[in-house]
Structures are given as structure tokens and as C-alpha cells.
1. When you look at G34, is it modelled with pLDDT under 95, on the phi > 0 side of the Ramachandran plot and not aromatic (F, W, Y), yes or no?
2. When you look at V42, is it of a type outside the set (S, T, Y) and over 26 Å from I63 (Cα atoms), yes or no?
3. Which of the residues spanning region 1-24 are among the hydroxyl-bearing types (S, T, Y) and either under 12 Å from the mean Cα position of the chain (by Cα) or at pLDDT 95 or above (or both)?
4. Within region 29-61, can you find the residues that are crowded, with 16+ Cβ neighbours inside 10 Å and either part of a loop (DSSP other than H, G, I, E, B) or touching a residue at least 12 places away in the same chain (Cβ under 8 Å) (or both)?
5. So which residues in region 62-75 are in a helix (DSSP H, G or I) and loosely packed, with under 12 Cβ neighbours inside 10 Å, if there are any at all?
Amino acid sequence: MQSAVLLATYIVTVIAFQAVGFLISQIVDGQWPGASTLVFLVLFMAAFGLAWPIAVRIAEWFIRRAGYTVQTEQSGGTGRTDHVRAVRRK
């Protein structure tokens, strides 16, 4: 459930950032038409990276407000293969 809340929050946040980026590029287009495409592309790409930490904080707030504890551990337990435990040699 918490991952679905985070994903939905991320999608809404990205859409909001994209809308703001589009408006900024339209304003730039009125002043410097040659720079509007570059401004749009930079804001378009930046929206995906900037939206993630904001969406995480918003989703955590929603989850806590609903009365749940935020799950921060990764799933998989001992079956995870993305980490290697150091072996001590004597």
C-alpha cells in the first residue's frame, strides 16, 4: 500500500513540475524564442529528479497522517543479492 501511495504521489508531483516548467518555457519563449527549447528540455529532465525527494516526503506525511508506520526497510530479507557481506579472514 505504501509503495502505491508513493508512486501516485510521485506521478502527481511530476505532473505539477512539468506544468510549471511548461509555463516557464512559454514565458521564456516570449522574450528569447531561441532559448525556450533548451529551457523546456532542462526543466523537463530536472522535474523527474526534483520530484522524487518531494514525493517521498509528501507520501510519508500521508502515511503517518493515516495512522500507519512508514516502512523503511527493503524487502527480500536474506534473499537479496544487491549487497555482499564481507568475509573476515583470519
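1. no
2. Details: of a type outside the set (S, T, Y): yes; over 26 Å from I63 (Cα atoms): yes.
For V42, the condition - of a type outside the set (S, T, Y) and over 26 Å from I63 (Cα atoms) - is met.
3. Scanning region 1-24 gives T9, Y10, T13.
4. If the condition is that a residue be crowded, with 16+ Cβ neighbours inside 10 Å and either part of a loop (DSSP other than H, G, I, E, B) or touching a residue at least 12 places away in the same chain (Cβ under 8 Å) (or both), then V39, F40, L43, A47, A51, A55, I58, A59 are the ones that fit.
5. Within region 62-75, the first condition is being in a helix (DSSP H, G or I), and the residues that meet it are 62-65.
Listed by number, the residues that qualify are R64, R65.
The values are calculated or read from the model by the stated rules, or taken from the named source; none is laboratory data. Computed from a predicted model, the values in this text were never measured in an experiment. So basically every Cβ, Gly included, is an ideal-geometry build from the backbone, and we count neighbours across all protein chains shown.
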